[in-house]
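Taken together, the values in this text are just the output of simple stated rules run on the coordinates, not laboratory data. Only a predicted model underlies this, so the values are computations on that prediction, with no experimental measurement involved. With ideal geometry, Cβ positions are generated from the backbone for all residues, glycine too; neighbour counts draw on all protein chains shown.
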There are 2 protein chains.
Amino acid sequence: MSVYAKRREKLYDWMARESIALVIFEDAEKRRDASVRWLSGHPHDAMLFLSVEQKSLLVPWDINQAKLFADVDLAVPYSEFSRHPLMAAAGAAEQFRLPKGSKVEISPATSYPSFLKYVEALDGFDVICRERGIWAETERLRAFKDEEEIGIYRKAAEITNTVIDLLEKHVRSGKIKTEADAAVFIEIEGRKRGCEGTGFETLAAGPERSFGIHAFPPYTGAPFGGKGLSILDFGLKFAGYTTDVTLTFANSPAAAQERLLALTERAYRLGLSMTENGRPAREIAAAVDALFGKSKKTMPHGLGHGIGLEEHENPQVRNRDDNEWILEPGMIFTLEPGLYDPVHGGCRLENDILLTESGPEILTKARIIRL
Amino acid sequence: MSVYAKRREKLYDWMARESIALVIFEDAEKRRDASVRWLSGHPHDAMLFLSVEQKSLLVPWDINQAKLFADVDLAVPYSEFSRHPLMAAAGAAEQFRLPKGSKVEISPATSYPSFLKYVEALDGFDVICRERGIWAETERLRAFKDEEEIGIYRKAAEITNTVIDLLEKHVRSGKIKTEADAAVFIEIEGRKRGCEGTGFETLAAGPERSFGIHAFPPYTGAPFGGKGLSILDFGLKFAGYTTDVTLTFANSPAAAQERLLALTERAYRLGLSMTENGRPAREIAAAVDALFGKSKKTMPHGLGHGIGLEEHENPQVRNRDDNEWILEPGMIFTLEPGLYDPVHGGCRLENDILLTESGPEILTKARIIRL
């Protein structure tokens, strides 16, 4: 049984327990849903229908690509439904001979106006759209990486680490002089080593721009690696899965900049020391916030987040009331403390952690590099 | 008055006519809304509140960046609302002293579960979420580029055309040999000339992969420009606005490939000849579909689309019942006929057209290049 069929099986069980007859996933522009790829292997632009009768139907935008990538019971081109999601949904209900009155669950990302249209198009069925339904279950399952995924991550991390070493070398030698030099270097070296690309737009912010959490534009022709603090945040995507690391280059840092760096490194070590199975993720983030607070500093973002087919997945590692995630084996997530000062610039240190039965394994080797 | 204030003024008029007291825009991960930038200058990650009293409030994720980019009446950091959209919304209602019972309009992209939460958080107000409301009006207004935007597009097109010429030169000379060579070249040359980056991930598909409408991965280390058909689809983003062009490189095409190329060029000329003020956009797309149909070919995507702060904006230029767009002066859109064959590969020709009072002006110079 393929890895995709195994994943679907878990959802079929859940559907049976919850009496859901049909689930509709959609991956489309502005409504990206990586669960389609996770469940079918098809990398993008498709609707995926799962029936409680344990059948899967993919409706891809590009049937030629589906033939190459998709592992499903049946694939029907989107054009057969006039490229319209509501027609595809009605078609799937017919294909699966869904009894009237059956429960059909749609994504909680479905807009309110679209929800009303689904209710109309699936007249006679019970359309369900909720946050704590099958999407939450799918995203919960995706937080636990299976052996295939962990194998992919080891490879992705290996490439990322090679590129980190090369970046350090070339910033030191002066071959990488600008933000664009760094960003383009990552694109080239990652793809050369078999990556699909970067997992998100690389953020390279030289000393003049590192004060921004997410500098805008993400990279420019501005100098990188000169006197002060430069931030480089990137991920490489291998077989669908992205790493996410941040390096800080500190060139002759002034005393105030040294304090930012030292505090960030201390926060990183604190976070790592608390990372263990059974720990509520929120506790770690709260401890780091408290550490920064003692120095009258505030970190304007969460401490970390799960990674996977998407840049931001579960578990959340942030200090918010509604964060109920407990760290468990199989989870892969970032720890990324950072501090940003409008005058002195910013620094961030981010690595990817795999939690195993025997504790945390730091997959990536990002660091603060003193030039 | 700034260009942003002028744009907001048009919406205030509309709000007054429709008795909408407050409008809430949100640009966030997975819920991108370029209207925030269009209305405030702030490039990303923020909520924007417009009150019918003609006041604007920006709640940015990064207040340091807002100070540099935003042109609004008031900016308050997101952290003051515990980085929570519902708290920011309630805060804005308080800030503007909104009378109970007032109408508050939220984006039609708001999910059904979030809609219910907004209704709860804005208790006492009338929360409106509809497709044909202020979002449709904002997107309608964005389809008509003002002088500032047309100026930006002339510059973006100039850079794009320079890069197109360089691409042709380097594919011919053999300096560009792989898909990644072509894609990375565009990144570097665009940014070198002042672009923010590419408007979307460049799609470079060599002869082995050009059969896909949108090849996956978008580019790899595979050969580009060798015998057969290679497609290169890219856009350069200048001051927020993206171009969108597609070149096809045809190297010693076989007879079947020549037929695809000739038919695509014919479709492009037909589309262009029908492009005029007052013409329903759907008519052009229907004529091209009919032309392809006569040769028993099907184009698996729309003929074109508006461009702007986003890759896909209004007007739509597609052959669908619900496409009611009429072409008018100030619109900038693509024409991009293409044909894809699993055996012979694909070809597409795409340029950006500005419609002026005196007719269409082809801004970009993409072409089918025979090697």
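The figures follow:
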{"item": "Rg/Rg_globular for the range A:92-189, with Rg_globular taken as 2.2 N^0.38 Å and Rg from C-alpha atoms", "result": "1.88"}
{"item": "Inter-probe distance in nm under a simple model that places probes 7 Å from Cα toward Cβ, at residue A:126 and residue B:84", "result": "3.1 nm"}
{"item": "For the range A:208-267, radius of gyration divided by Kirkwood radius, i.e. Rg to Rh on alpha-carbons", "result": "1.03"}
{"item": "Chain B: angle of helix B:255-274 to the longest principal axis, Cα-based, in degrees nearest 10", "result": "40 degrees"}
{"item": "Counted charge near residue A:154, where neighbours are those whose Cβ lies closer than 12 Å (Asp, Glu -1; Lys, Arg +1)", "result": "-4"}
{"item": "Per-copy distances of the residue A:177 label point, shortest first, in nm (7 angstrom along Cα→Cβ)", "result": "2.7"}
{"item": "Where N is the number of residues in the protein assembly as shown, Cα Rg divided by 2.2 N^0.38 Å", "result": "0.94"}
{"item": "Shape call, the range B:1-113: gyration tensor on alpha carbons, a/c limit 1.5", "result": "rounded"}
{"item": "Estimated inter-spin distance, residue B:298 and residue A:137, nm [label 7 Å along Cα→Cβ]", "result": "3.5 nm"}
{"item": "Nearby lysines by direct alpha-carbon distance to residue A:175 (threshold 18 angstrom, same-chain neighbours under 8 apart not counted)", "result": "A:227, B:192"}
{"item": "Dimensionless Rg/Rh of chain B - Kirkwood Rh, Rg from C-alpha atoms", "result": "1.02"}
{"item": "Inter-copy label distances at residue B:278 (7 Å, Cα→Cβ; nm, one decimal)", "result": "7.9"}
{"item": "All lysines inside 28 Å of residue A:55 as judged from Cα atoms, apart from same-chain residues fewer than 8 positions distant", "result": "A:6, A:10, A:30, A:67, A:100, A:103, A:117, A:145"}
{"item": "Loop-located chymotrypsin sites (Phe, Trp or Tyr not before Pro) in the range B:1-110, at most 14 other Cβ atoms within 10 Å (DSSP)", "result": "none"}
{"item": "Those GluC sites (Glu not before Pro) in the range A:227-305 that DSSP places in a loop and that have at most 16 other beta carbons within 10 Å", "result": "A:276"}
{"item": "Amide H partners (placed H, <5 Å) of residue A:305, local residues excluded", "result": "A:317, A:334"}
{"item": "Pairwise FRET efficiency - residue A:177 versus residue B:73, Cβ, R0 = 56 Å, nearest 0.05", "result": "0.85"}
{"item": "Axis-nearest residue in chain B [Cβ, rotation onto A], distance in whole Å", "result": "B:112, 2"}
{"item": "Ranking of B:84, A:301 by count of other Cβ atoms within 10 Å, fewest first", "result": "B:84, A:301"}
{"item": "Neighbour net charge for residue A:24 - beta-carbon separation under 12 angstrom, K R +1, D E -1", "result": "-2"}
{"item": "J(HN,Hα) series, the range A:207-218, from Karplus relation 6.51 cos²θ - 1.76 cosθ + 1.60, nearest Hz, glycine and proline x", "result": "x, 6, 10, 6, 5, x, 4, 10, 4, 10, x, x"}
{"item": "Eligible aspartates and glutamates near residue A:296 by straight Cα distance, threshold 15 Å, same-chain separation 8 or greater", "result": "A:341"}
{"item": "Inter-centroid distance (Cα atoms) of the range B:307-343 relative to the range B:132-211, Å", "result": "16 Å"}
{"item": "GluC sites (Glu not before Pro) restricted to the range A:30-132 and DSSP loop, no more than 15 other C-beta within 10 Å", "result": "A:53, A:131"}
{"item": "Local electrostatic count, residue B:284, Cβ distance below 13 Å [Lys/Arg +1, Asp/Glu -1]", "result": "+1"}
